[in-house]
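**Student:** Can you read through this structure? Questions will come right after.
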Amino acid sequence: MLQERVPDLAKFVEPDRVRREVYVDPAIFELEMQRIHERYWIYCGHETQVPRPGDYYTVQIGRQPMLMVRGKDRKLHVLYNRCPHRGNMMCGDRHGNTGEFFRCSYHAWTFRHDGALRSIPMMESGYAGTRFGKDNPDCSMKRAARVESYRGFVFASLATNGPGLLEFLGESRIAFDDMCDRAPEGEVEIVPNCFRVIQRSNWKIFLENQLDALHPSVVHQSTGRAAMDVESRIKKQTGQAPLSYHMLSAFAAVTIEKWDGFQTLNYPYGHCILTGYMGLRPKDPDTLAYEKVMQKAYGKKRMEEILGVNIHHVLIYPGLSVQSALQQLRAVRPLGVDRTLTEIWHFRLKGAPEPIYRRSLAYYNLVNSPATLINADDLENFWKCHQGLASDGGDWVTFGRHFGRDLDNGSVVETGPNMGTSEAPMRNQMKAWAKYMQAAA
Amino acid sequence: MKTQHQVEQFLYRQAELLDAKQWQEYIDLFAADGVYWVPADPAHKTWEGMPAIFAEDKNLMTVRMQRVLHPDAWSQRPMWATNHVVSNVVIEKTGANGDVHVRSRFHMLELRRDDVRHFAGSYRHHLKKTKDDYRIKLQRVDMTNAQAAYDYVLQVWV
Ligand code: FES
Ligand SMILES: [Fe+2]
């Protein structure tokens, strides 16, 4: 039925442009949820979010309300947030602890942390001789088809078949390696706070923005300039301004020409990496103290390797944007064709001195909080983008910058020298999108 | 009674400056070491080292002001306005030097393009007595809806 309403998808994506319907057609959105979000690996959360048995967090995968829960055996389970009896939602809160087992608030069926039916009130008298009971899997909470984690980051897939998590992530797993390796203990730990911000635009508009090196010096000029001003005043007064000012002023200081000096790497499944970072390894006493701890943990050579990793953003299609060097990520939860929730988390490097945590926390607060000095102007542009695409003012979204100059070696598409502002990441994402969407069910 | 009146007048003035978009005058209400804080979680006891929706000293407040005034602050282009009502003003503590701790309630309506949003909650002000007025040492803002998802974001102080 649905498929019939969706016109021939092959005609929607050309190598350097995409039809506008891809962003605004509700029928295409439904199909995306089925064929992409509810089939491939979606980020659920970090293991440290649910440290104790019974701890759970709700998470939306595509259109499916799910639960990530820690079992008594310490194993993590991802379940549909739904009671098999009459369909009641199991956990009505966003997160919490469910105790020894789940207990449905409607008729008190109870379930183990892995979803298996535990008890039904008066089971014998009520269900003896019926097909309902512990032997019938339909009487247990349904589980995500597959759950895997990488370095503490938990993903689920609602489809039985498909690539495993590691194969799916491919080179993009550097997002987690870069983040965890920067910890002297090789692990990160969640900062227990989630900023949740809704964008009034299609989810792909956000993803395409993540590696859009063309936009920062246009969109974030106001904050960059303001920060630069105050930064230089503080420097004059005290000799040194906090690094957080530099993180903001870089948005103005790094010109389009400089962004061109960075590089994008584009992988199968739509993942992309933007290299280049703004002064994360200064020579201040805090950094030097941190380097000492790192050197002790890893030795000089390995430490240099770790701190030399030069990544700005990693986009893990279709729903995760990671800034590994700053230990934060944004998970994308599409709510509708024109509404997208972002869940924004920060992590602590285990074993790193407090000032290093404070430094990335400043970025988390200033850039990623609901009072963001940066994303406000992105969201304004996303909304305008969506408005424009909903109109008949044109049929295509174009991704032509540096088209035809990508270096494709088969497993990765790289942008050449001084092509950091190439629209290769958008082309790569849409190429992957077309493949996902046309894959047989 | 006199202190109560003065404190109320101070809070009303602060709200008025926000609604009138007189950002510099608003910042001037803070003491040199003053902090504006909107905790990410009502349980938080300090802004230091904690995720926060706002945690700004006067320097950061100045960044926010200058950014908002920049002609290319795209999110500031569309029409927007706020209306604050401050009430339930209770003085919790008065120091020998005239400093006061005050709690109050606020309700803010925001119009942006054609959309109206509401934010409400409580203010806690630590006010430092000056010769004939007060300056803010700390303003803590606990929005009742701080934990809800934000449909779009906040641009200036609440
Ligand atoms: S719906 Fe859950 S026990 Fe009846
Ligand atoms: Fe941006």
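**Student:** Skip the ligands, DNA and RNA, and give the accessible area per residue of chain B with a 1.4 Å probe, whole Å².
**Tutor:** Counting only protein heavy atoms, the per-residue value for chain B is 46 Å².
**Student:** Whole number please: convex hull volume per residue of the Cα set in the range A:88-146, in Å³?
**Tutor:** Enclosed volume per residue, from the Cα hull, is 99 Å³.
**Student:** Relative to the longest principal axis of chain A, what angle (0 to 90°, nearest 10) does the C-alpha long axis of helix A:424-438 take?
**Tutor:** 20 degrees
**Student:** To continue, here is another question. Any idea how far apart A:Arg339 and A:Glu185 come out in nm if each label point goes 7 Å out from Cα toward Cβ?
**Tutor:** Between A:Arg339 and A:Glu185, the label points sit 4.0 nm apart.
**Student:** Over chain A, what is the relative contact order in whole percent, taking alpha-carbon pairs under 8 Å and six or more residues apart?
**Tutor:** That works out to 21 percent.
**Student:** While we're on this one: So, in nm, how far is label A:Ala128 from label A:Trp396 when the simple model puts each one 7 Å beyond its Cα toward the Cβ?
**Tutor:** 7.3 nm
**Student:** Also, I was wondering about something else. Provide a list, ordered by number, of residues in the range A:368-385 showing at least 40 Å² less accessible area with every protein chain present than when their chain is taken on its own, using a 1.4 Å probe.
**Tutor:** A:Pro370, A:Ala371, A:Leu373, A:Ala376, A:Asp377, A:Glu380
**Student:** Which three lengths, in whole Å and largest first, does the range A:42-150 cover when its Cα atoms are put on their principal axes?
**Tutor:** Extents along the principal axes: 45, 26, 22 Å.
**Student:** To continue, here is another question. Between B:Asp72 and A:Gln295, take the C-beta separation as r, use R0 = 60 Å, and let me know the FRET efficiency to the nearest 0.05.
**Tutor:** Calculated transfer efficiency: 0.90.
**Student:** Along each principal axis of its Cα atoms, how long is the range B:2-143 end to end? Whole angstroms, biggest number first, please.
**Tutor:** Reported extents, whole Å, longest axis first: 48, 31, 31.
**Student:** Let me ask something else. Let me cross-check A:Trp396: its accessible surface, 1.4 Å probe, with only protein heavy atoms counted, in Å² to the nearest 10?
**Tutor:** Counting only protein heavy atoms, the figure is 70 Å².
**Student:** Compute the FRET efficiency between B:Glu8 and B:Ala148 as 1/(1 + (r/R0)^6), taking r as their Cβ-Cβ distance and R0 = 30 Å, and round to the nearest 0.05.
**Tutor:** It comes to 0.55.
**Student:** I'd like the carbon and sulfur percentage of the solvent accessible area for chain B, probe radius 1.4 Å, heavy atoms only, ligands and nucleic acids excluded.
**Tutor:** C and S fraction of accessible area: 52 percent.
**Student:** Tell me which of A:Leu117, A:Met66, A:Ser140 sits at the most positive position along the dipole axis of the range A:42-150, charges placed on C-beta atoms (Lys, Arg +1; Asp, Glu -1).
**Tutor:** The Cα lying farthest towards the positive end belongs to A:Met66.
**Student:** Looking at the square roots a ≥ b ≥ c of the eigenvalues of the Cα gyration tensor of the range A:353-441, which shape do they give, rounded for a/c under 1.5, prolate if a/b is larger than b/c, or oblate?
**Tutor:** Cα axes put the range A:353-441 in the oblate bin.
**Student:** Grab the eigenvalues of the alpha-carbon gyration tensor for the protein assembly as shown, scale each by 5, take roots, and send me the semi-axes largest first in whole angstrom.
**Tutor:** Over the Cα atoms of the protein assembly as shown, the semi-axes work out to 40, 33, 25 Å.
**Student:** Given a cut-off of under 8 Å on Cα pairs at least six residues apart, what relative contact order in percent is computed for chain B?
**Tutor:** Reported relative contact order: 23 percent.
**Student:** Nearest 100 Å², what total accessible surface is buried between chain A and chain B (probe 1.4 Å)?
**Tutor:** Roughly 3100 Å².
**Student:** A further question on this structure: Test of understanding: in a Gaussian network model of chain A with alpha carbons linked when under 10 Å, which of A:His271, A:His215, A:His312 would top the mean-square fluctuation ranking?
**Tutor:** A:His215
**Student:** Running Debye on the range A:42-103 with equal point scatterers at the Cα sites and no solvent, what base-10 log of I(q)/I(0) appears at q = 0.27 Å⁻¹?
**Tutor:** Log10 of I(q)/I(0), two decimals: -1.23.
**Student:** If DNA, RNA and ligands are ignored and the probe is 1.4 Å, what is the ranking of B:His5, A:His346 by accessible area, most exposed first?
**Tutor:** From most exposed to least exposed: B:His5, A:His346.
**Student:** Here is a further query. For B:Lys131, go through the aspartates and glutamates and keep the ones whose alpha-carbon is under 16 Å away, minus same-chain ones fewer than eight residues off.
**Tutor:** B:Asp28, B:Asp99
**Student:** Of A:Lys11/A:Lys204; A:Lys301/A:Lys350; A:Lys296/B:Lys58; A:Lys258/A:Lys283; A:Lys236/B:Lys93; A:Lys75/A:Lys350, which sit over 28 Å apart, Cα to Cα?
**Tutor:** Flagged as over cut-off: A:Lys296/B:Lys58; A:Lys236/B:Lys93.
**Student:** Based on the Cβ-Cβ distance of A:Asp114 and B:Ser122, what FRET efficiency does E = 1/(1 + (r/R0)^6) give at R0 = 35 Å, to the nearest 0.05?
**Tutor:** 0.25
**Student:** Can you bin the range B:78-157 into rounded, prolate or oblate? Criterion: square roots of the alpha carbon gyration tensor eigenvalues sorted a ≥ b ≥ c, rounded for a/c under 1.5, prolate for a/b above b/c, oblate for the rest.
**Tutor:** Verdict is prolate for the range B:78-157.
**Student:** Once every DSSP H run of n ≥ 4 in chain B is given -39500 (n - 2.57) and the sum is divided by its residues, what mean residue ellipticity at 222 nm do you get, rounded to the nearest 500 deg cm²/dmol?
**Tutor:** Taken over chain B, the calculation gives -7000 deg cm²/dmol.
**Student:** Follow-up question, since we're still on this one. Quickly work out the A:Asn88-to-B:Asn97 label distance, labels modelled 7 Å from Cα along the C-beta direction, and quote it in nm with one decimal.
**Tutor:** Simple spin-label model gives 5.8 nm for this pair.
**Student:** Oh, and also: In debye, nearest 20, what is the charge dipole magnitude of chain A about its Cα centre with +1 on Lys and Arg Cβ and -1 on Asp and Glu Cβ, if you could check?
**Tutor:** The calculation lands at about 1060 debye.
**Student:** At 222 nm, what helix-only mean residue ellipticity would chain A give, in deg cm²/dmol to the nearest 500, using -39500 (n - 2.57) for each DSSP H run of four or more?
**Tutor:** One gets -9500 deg cm²/dmol as the mean residue ellipticity at 222 nm.
The values are calculated or read from the model by the stated rules, or taken from the named source; none is laboratory data. Only a predicted model underlies this, so the values are computations on that prediction, with no experimental measurement involved. Note that each Cβ is placed from the backbone with ideal geometry, even for glycine, and that neighbours are counted across all protein chains shown. Surface areas here come from the heavy atoms of the whole protein model, side chains and all, with no ligands, DNA or RNA. Shrake-Rupley method; radii C 1.70, N 1.55, O 1.52, S 1.80 Å.
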